[in-house]
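So the structure is just underneath, and the comments pick up after that.
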Amino acid sequence: MRSLKLLPLLGIALGAGTLGLTRTVWLHATAMDLTGTAVAQNVVGSSAAPAAAALAVVVIAAFLASALARGTARTVIAGIAVLAGVSAAVASLLVLLDPEAAAAGAVSEATGVLGGEVVARTTTMPILAALAAFAAAAVASALTVTSRRAARADGQDPSAPTASRYSRSADRSATGAKTARSDASDWDALSRGDDPT
């Protein structure tokens, strides 16, 4: 089926898009350093939500594997891509709910102050990353359905001719056995002096 070739490619593109978006600035944060000076820090997505970046890699790997797999294996791998895509989207959206917590690690490295007060605001990038991850999950879900249909079709089509071949072979064997039995009975009748015809 053509969709079995196109869906993995689309999923790889969406996974790569999600991963690329985690390399952009997600947060603009400000905090005080050790001297009391306000330090501005731009926080990229891979620092704000490292799980989103890692799960985007899982999505890409799963779609690559699904392009090579067949049958039930492809369905299982596509299911993994669904879970990874949804999880990456959720991880991205969590940054919007608590940007200060998401920026805390990067800000601490920049200022040298642990647990200091952080003020942060988000860009549109976490939303775009979440949308891309959700889209990848939707494509993986479609691939799961398509793979199941293809597996069922592959399992049914070859069976019909195989069954008919077996039945024809059985019919020929039965006919041959009947012929052999009738030939033997004719010889027995001749040996007794009877004419089988």
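What follows is calculated from the coordinates using simple rules that are stated; it is not laboratory data. Please read all numbers here as calculations on a predicted model, not as lab measurements. Note that we place each Cβ from the backbone using ideal geometry, even for glycine, and neighbour counts take in every protein chain shown.
At a Förster radius of 45 Å, what calculated FRET efficiency corresponds to the Cβ-Cβ distance of Ala101 and Arg152, to the nearest 0.05?
On the way: r = 47 Å, r/R0 = 1.04.
The formula returns an efficiency of 0.45 here.
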- Item | Estimated distance in nm for a label pair at Val76 and Glu109, the labels positioned 7 Å out from Cα along Cα-to-Cβ | 3.7 nm
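In debye to the nearest 20, how big a dipole does the range 3-157 give about its Cα centre with +1 on each Lys and Arg Cβ and -1 on each Asp and Glu Cβ?
Details: 8 positive and 7 negative charges, 172 e Å.
Dipole magnitude for the range 3-157 comes out near 820 debye.
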- Can you run phi through the Karplus equation (6.51, -1.76, 1.60; θ = phi - 60°) for the range 7-23 and list ³J(HN,Hα) in whole Hz, with x for Gly and Pro? 4, x, 5, 5, x, 4, 4, 5, x, 5, x, 4, 4, x, 5, 6, 8
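Could you give the length gained on full extension between Leu6 and Ile127, defined as 0.36 nm per residue of separation minus the Cα-Cα distance, in nm?
Values: separation 121, 0.36 × 121 = 43.56 nm, distance 2.56 nm.
Answer, rounded to one decimal: 41.0 nm.
So if we plug the beta-carbon distance of Arg23 and Val145 into 1/(1 + (r/R0)^6) with R0 = 25 Å, what FRET efficiency do we get, rounded to 0.05? Before the final figure, lay out each step's value.
On the way: r = 32 Å, r/R0 = 1.28.
So the FRET efficiency works out to roughly 0.20.
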- Task: Per residue of the range 69-74, in order, report the coupling 6.51 cos²θ - 1.76 cosθ + 1.60 (Karplus, θ = phi - 60°) as ³J(HN,Hα) in whole Hz, putting x for Gly and Pro.
- Result: 7, 9, x, 5, 4, 5
- Please go through the range 1-96 and write out the trypsin sites (Lys or Arg not before Pro) that DSSP classes as loop and that have at most 13 other C-beta atoms within 10 Å. Arg2, Arg23, Arg70
- Amide H of Val39: which non-local residues (sequence gap of 5 or more, or other chain) have their own amide H closer than 5 Å, using H built in the peptide plane? Ala31, Met32, Asp33
- Other residues with Cβ under 11 Å from the Cβ of Ser66 give, with Lys and Arg +1 and Asp and Glu -1, a net charge of +3
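How long is the gain from Asp33 to Leu68 if the chain were fully straight, where each residue apart is worth 0.36 nm and the alpha carbon distance is subtracted?
On the way: separation 35, 0.36 × 35 = 12.60 nm, distance 5.13 nm.
Taking Asp33 through Leu68 to full extension adds about 7.5 nm, to one decimal.
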